[in-house]
Every structure is written in structure tokens, then in C-alpha cells.
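What follows is one structure encoded as C-alpha cells, with my remarks underneath.
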Amino acid sequence: MAAWKTGVFAAAVVAAVVCTVAAAASKFDGVVQPSWANDHVLYDGDLLKLRLDTSSGGGFASKNRFLYGKATADLKLVPGDSAGVVTAFYLSSAGDKHNEFDFEFLGNVTGEPYLVQTNLYIDGVGNREQRIDLWFDPTADFHTYSVLWNPSQVVFLVDDTPIRVYENKTATKGHHHRHPNSTSTTDIAFPSPQPMAVYSSIWNADDWATRGGLVKTDWSHAPFVATFRDVSVEGCAWAPNATDSDAGEVARCTGTQWGKEGRYWWKEKDMQELSVHQTHQLVWARAHHLVYDYCVDTDRFPVQPPECAGR
């Protein structure tokens, strides 16, 4: 009888664990799925965790691709000594001429601040890195990291504070609320309309991530775990059977204000440039937290990149 009760209890425990994992999985299942090292993409309660150890890192990708919209992650970064470890949250299209918008969180030794590196690839060309430190401890609690993308601008936000804006100069010409990245140049490259998926990954990058690679990953602190409370994408979902250059999909996502996803709020007039308040937030973030800007790195760029004119 005791053995029967023990067996029933054990079965109940297993069922409860399975239900908990299933509940966590279902929360994310409609948005993302593991993309590599599936055994390092873990569900824990209502959280999704990416794990790095000596054998591998791990990553996930969105189930759909999008043309314009907003991708958001509620993320708590690897605590403690995370030197050499990079956690990324980014959007990317496919192919040699791909576009890509990156958040890369660069780990550090205990007590030293994380650096957040943003970058843009346009038609396969990157080298547009900026780095900020944060005004909070990103390992102590969850914080929100977002990329807003529409035909007028790409905006990187931390807890809804813009930390970087890359404008389509032609699309925004004539607007009045200008932010510090603005120039009068109208022939600056802007990401062409390519459908993008949303990705995240964690990996060992101790050849460059912390102090230019001088500080290596201390594997005695492994596993390193980045934790997601939520991942969401609000955007114009690209038809699954459409090619990357499908003119009908480009027209649908670019030219319409409503679709099967609802109202395309990310393309409305007040999303085409920063508000006055957001401009002030950007000025504050850059003044107090910007630690590297490729635009003023004359060693790398003796000729200033065209989008940097005026800085």
C-alpha cells in the first residue's frame, strides 16, 4: 500500500513538473522557438533561460518574420562574474546583403558595469557600434529592451528610454524635432525593406567582449544564465510562403495602416520621429552613459561615416 502511495505521489510530482514546463513553454511558444543547442534553452516556471557552459551556449528565434514593428524582451542578465560572456537580442534578415539591429550585452567582472553595445548592419555592412553603460544593475531585476523599426527610423530603447536612433534622412526630411544624431544629408543608407526575424543567444566571446579580450571567461562560475520573463513582437508578419523580396508583402507592410495583426501603430505619424520628451531622454542617455561611438573613432574611421556628419 505504501509503495502504491509512493508511486502515485511520484507520478503526481512528475505530472506537476511537466505541467509547469508546458505552461512556461506555451507562454513563449507562439513567439519563439529554440534555434540551436536546444538543451541550453530552458523553461523554468514562467521564465525562459539561455545557458552557457563549457559545452555550448544556446539561442532562440521568432517563429515568424516581420517587416516593421517593435520587438521587445524583458530580460535579466547573467549575474556575478560574467566577463567574456555575451547575451544578444537582435533582429536580422537573411543573406549576404542582410540588415541587422543588435543589442549585445557585454559581461564584466563582478562589481564592474555591463556595457550594452548596439550595432546596425545595412545591406550586409556593420561597423556602426555604440556602447553605453546602464543607470541600473541589469542583473538584479528584469528590464525591457526594445527595437522599434519603421520606414522612418530604427530606435533602440531601454525601459522605454531611447538610447540610439538611426534615421531615414529622406523620410524624415522637414521634421522639426531633431535629435543629436541628425544631419542634413539625404543620401545616407537606410535599411531596405527586408523581412526580419527576432533572435537571442548567449555565447563565449572572451576574445573581444571584456576590455577588448584582456579579461577571459572564468569557467569556474559556469553555468552562465540569462533569463527572459517575456519576448514579444508587434509587427507586420511576413507571409510564410513569400520570398524575401515579395513586392506584394513589401507593399502590404509598407503602405497600409491596418492588417490581420490589427492597427499598424508603429508606422503612425507620431512614430516617425522622437517626441520632444523622447529627444530629451536621448540627450540625457548619451550625455551620461555613452562610452563609445564609432562616429568619433578616427583611428577606425579617418573619414567620418556619412551618417555621422556634424558630430
query: Looking at this structure, is Val233 over 30 Å from Leu42 (Cα atoms) and part of a strand (DSSP E or B)?
result: no
task: Those residues that are of a type in the set (Val, Ile, Thr) and in contact with a Phe, Trp or Tyr (Cβ under 7 Å, 6 or more places away or on another chain), I need them from region 206-250; list them, please.
output: Val231, Val233
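Could you tell me which of the residues Ser245, Ser200 is small (Gly, Ala, Ser) and over 25 Å from Leu77 (Cβ atoms)?
Details: Ser200 fails: over 25 Å from Leu77 (Cβ atoms).
Only one candidate passes the filter, namely Ser245.
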task: Filter region 112-129 down to residues that are among the β-branched types (Val, Ile, Thr) and crowded, with 19+ Cβ neighbours inside 10 Å and give me whichever is farthest from Lys216 (Cα to Cα).
output: Ile122
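Working carefully through the options Ala222, Ala209, Ala242, find the one that is within 19 Å of Phe89 (Cα to Cα) and among the small types (Gly, Ala, Ser).
Numbers: Ala222 fails: within 19 Å of Phe89 (Cα to Cα); Ala242 fails: within 19 Å of Phe89 (Cα to Cα).
Step by step, each of Ala222, Ala209, Ala242 is checked, and only Ala209 is within 19 Å of Phe89 (Cα to Cα) and among the small types (Gly, Ala, Ser).
Of all residues in region 251-276, which are assigned to a helix (DSSP H, G or I) and more than 15 Å from Ser152 (Cα to Cα)? Spell out how you get there, then give the answer.
Narrowing region 251-276 to residues assigned to a helix (DSSP H, G or I): 251-255, 265-267, 269-271, 276.
Matches in region 251-276: Ala251, Arg252, Val276.
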- prompt: Within the set of pairs 6+ apart or on separate chains, which have a first residue in region 32-52 that is more than 21 Å from Arg65 (Cβ to Cβ) and open to solvent by 80 Å² or more (accessible area, probe 1.4 Å), a second that is charged (D, E, K, R) and outside any strand (DSSP E or B), and C-beta atoms under 7 Å apart?
  reply: Asp46/Lys27
message: Please go through (1) at pLDDT below 95; (2) within 17 Å of the chain's Cα centre (by Cα) for Trp208 and return the number of the only condition it doesn't satisfy.
response: (2)
field: Number of the condition not met by Leu75 [criteria: (1) in a loop (DSSP other than H, G, I, E, B); (2) surrounded by 17 or more Cβ atoms within 10 Å (Cβ to Cβ); (3) among the hydrophobic types (A, V, I, L, M, F, W, C)]
entry: (1)
- prompt: Which of the residues that make up region 250-280 are among the hydrophobic types (A, V, I, L, M, F, W, C), in contact with a His (Cβ under 7 Å, 6 or more places away or on another chain) and surrounded by 12 or more Cβ atoms within 10 Å (Cβ to Cβ)?
  reply: Leu274
- request: Can you work out which of the residues in region 285-311 that are in contact (Cβ under 8 Å) with a residue 12 or more places away in the chain and more than 19 Å from Ala189 (Cβ to Cβ) is most open to solvent (accessible area, probe 1.4 Å)?
  value: His288
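So that you can scan it fast, the table gives a plain yes or no per residue for (1) in contact with a helix residue (DSSP H, G or I) (Cβ under 7 Å, 6 or more places away or on another chain); (2) at positive phi; (3) modelled with pLDDT of 65 or more; (4) not charged (D, E, K, R):
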position: Ala10; (1), (2), (3), (4): no, no, no, yes
position: Val21; (1), (2), (3), (4): no, no, no, yes
position: Leu48; (1), (2), (3), (4): yes, no, yes, yes
position: Arg51; (1), (2), (3), (4): yes, no, yes, no
position: Ser62; (1), (2), (3), (4): no, no, yes, yes
- prompt: Is region 202-218 home to any residue that is within 21 Å of Val85 (Cα to Cα), touching an Asp or Glu at 6+ places or on another chain (Cβ under 8 Å), assigned to a helix (DSSP H, G or I) and open to solvent by less than 50 Å² (accessible area, probe 1.4 Å)?
  reply: yes
- request: Can you tell me which residue within region 89-111, out of those that are over 29 Å from Trp238 (Cα atoms) and touching a residue at least 12 places away in the same chain (Cβ under 8 Å), is most open to solvent (accessible area, probe 1.4 Å)?
  value: Thr110
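The values are calculated or read from the model by the stated rules, or taken from the named source; none is laboratory data. Because the structure is a prediction, the values reported are computed rather than measured. Positions of Cβ are generated from backbone atoms using ideal geometry, with glycine treated the same way; all protein chains shown enter the neighbour counts. Protein only, heavy atoms only, side chains kept; ligands, DNA and RNA dropped before computing areas. Shrake-Rupley method; radii C 1.70, N 1.55, O 1.52, S 1.80 Å.
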